[in-house]
Amino acid sequence: MQKKLSYFIAVLLFLATATQAQTKKQNFHLYLLAGQSNMAGRGIVEPQDTIGNPRILSLNKEGNWVIAKDPVHFDKSAAGVGPGLTFAREMLKQDPNIVIGLIPCAAGGSGIDNWLYNQYWEQTKSYPWDNAVMRTELAMKEGTLKGILWHQGESDSAPEKAKLYAGKLESLVIRFRKEFNLPKLPFIAGELPEFNKRAAAINTQLYEAGKKLRFYGVVSGKGLTPNADNLHIDAASQRIFGKRYAEKMKQL
């Protein structure tokens with residue numbers, strides 16, 4: 001009788017521990033940040049961007065979870081303020097029980113072919129697709145992947161490349177979902193900002209891709225302002241951009 005009781009108690013403890021672990025994993029919401037430099041962020045870091053929150057973590061270069069602060073990315077030494085941190089702050093507002101885990105994988109200057117076909121990218125000495133999959137799968141051991149934030153297209157905005165962009169983006173979204181076995185995984189693409197003279201060519205393609213994809217959204221790049229280089233989105237606008245990503249993610 002005593003052995004049966006001990007066994008029963010052991011089973012209950014095991015189930016309780018397993019349930020707690022599963023709940024913890026379900027409440028750890030992961031978001032993959034992918035694309036090129038304006039997702040990685042090049043905005044100048046200010047004090048407000050370095051205030052950490054223990055409920056917002058990021059997967060650092062070594063694959064460890066740390067309290068997220070800008071720069072979240074580390075693709076290049078120029079990494080600065082991107083949309084990721086503000087996005088996470090906004091997402092926290094909808095549920096006091098969750099923890100956000102950002103998975104920074106954007107690679108400055110990379111084209112969509114580097115992602116879709118797993119091509120080596122010299123500027124960051126990496127394979128963007130392979131790196132994103134490896135880091136995301138590592139993160140998913142502890143959390144639940146809730147979505148992908150994508151901002152890329154400057155490197156594909158020349159006319160001959162832009163006209164092929166919608167089809168490639170559609171294939172990339174499908175490939176991500178298949179890789180992670182999440183057919184309904186939300187995917188949000190950000191418009192190129194208006195100050196980019198070739199923005200319209202890519203932005204049109206972002207919406208074209210949406211005609212064939214479900215659980216997909218596009219966030220506006222209107223009104224965003226640049227750094228002095230007139231190429232990268234400045235810190236103030238990246239915070240606005242992050243809020244727009246969060247609003248769209250909540251809708252999906």
Once normalised by the length of the stretch 113-252, the mean sequence separation of its alpha carbon contacts under 8 Å that are 6 or more apart gives a contact order in percent of 21
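Filter the trypsin sites (Lys or Arg not before Pro) in the stretch 181-218 down to the DSSP loop ones having no more than 13 other Cβ atoms within 10 Å, then list what survives.
Values: sites: K184, K197, R198, K211, K212, R214; in loops: K184, K197, R198, K211, K212, R214.
Passing sites in the stretch 181-218 are K184, K197, K211, K212, R214.
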Once all protein chains are kept in place, I67 shows an accessible area at probe 1.4 Å, nearest 10 Å², of 80
To the nearest 20 debye, what is the magnitude of the charge dipole of the stretch 20-138 about its Cα centre, counting +1 on the Cβ of each Lys and Arg and -1 on the Cβ of each Asp and Glu?
300
Can you return the aspartates and glutamates within cross-link range of K211? Criterion is Cα-Cα under 19 Å, with same-chain partners fewer than 8 residues away left out.
E170, E191
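Once R0 is set to 22 Å, what does the formula 1/(1 + (r/R0)^6) return for the Cβ-Cβ distance between E137 and K69, expressed as a FRET efficiency to the nearest 0.05? Numbers along the way, then the final one.
Numbers: r = 24 Å, r/R0 = 1.11.
E(calc), rounded to 0.05, equals 0.35.
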May I ask you to list the aspartates and glutamates whose Cα is less than 14 Å away from that of K250, ignoring any residue fewer than eight positions away on the same chain?
E90, D95
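Quick one: with all protein chains in place, what share of the accessible area of the chain is carbon or sulfur, to the nearest percent (1.4 Å probe)? Provide the component values of the computation, followed by the final result.
Numbers: 6960 of 12490 Å².
Carbon with sulfur: 56 percent of the solvent-accessible area.
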Degrees, to the nearest 10: 2-26 long Cα axis against longest axis of the chain
10
Quick one: angle between helix 199-210 and the longest Cα principal axis of the chain, in degrees between 0 and 90, rounded to 10, please.
40
Please get the size of the charge dipole for the stretch 131-207, origin at its Cα centre, with Cβ charges of +1 on Lys and Arg and -1 on Asp and Glu, quoted in debye to the nearest 20.
200
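Using just the helices of the chain, give the 222 nm mean residue ellipticity in deg cm²/dmol: DSSP H runs with n ≥ 4 each add -39,500 (n - 2.57), and the total is spread over all residues, rounded to 500.
Numbers: 9 runs with 103 residues, N = 252.
Rounded to the nearest 500, the figure is -12500 deg cm²/dmol.
Which value, in debye to the nearest 20, describes the size of the charge dipole of the chain about its Cα centre when Lys and Arg Cβ atoms bear +1, Asp and Glu Cβ atoms bear -1, and nothing else is charged? Intermediate values should be presented prior to the final figure.
Values: 33 positive and 23 negative charges, 211 e Å.
It comes to approximately 1020 debye.
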So for the chain, averaging the separation of alpha carbon pairs under 8 Å that are six or more residues apart and normalising by length, what relative contact order in percent results?
23
Unsatisfied cross-links (Cα-Cα over 18 Å) in the set K184/K248; K146/K178; K76/K178
K76/K178
Below 8 Å between Cα atoms, with a sequence gap of 6+, how large is the relative contact order for the stretch 171-252 in percent?
30
Put +1 on the Cβ of each Lys and Arg and -1 on the Cβ of each Asp and Glu in the chain; which of A106, N196, M134 then has its Cα farthest toward the positive end of the dipole?
M134
With angles folded into 0 to 90 degrees, how steeply does helix 128-139 sit against the dominant principal axis of the chain? Use alpha carbons for both and round to 10.
20
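The values are calculated or read from the model by the stated rules, or taken from the named source; none is laboratory data. Just so we're clear, the structure is a prediction, and the values are computed from it rather than from any experiment. Quick reminder, even Gly has a Cβ in these numbers, built from the backbone with ideal geometry, and neighbours come from all protein chains shown. To get the accessible areas, we keep the full protein, side chains included, count just its heavy atoms, and leave off ligands, DNA and RNA. Shrake-Rupley method; radii C 1.70, N 1.55, O 1.52, S 1.80 Å.
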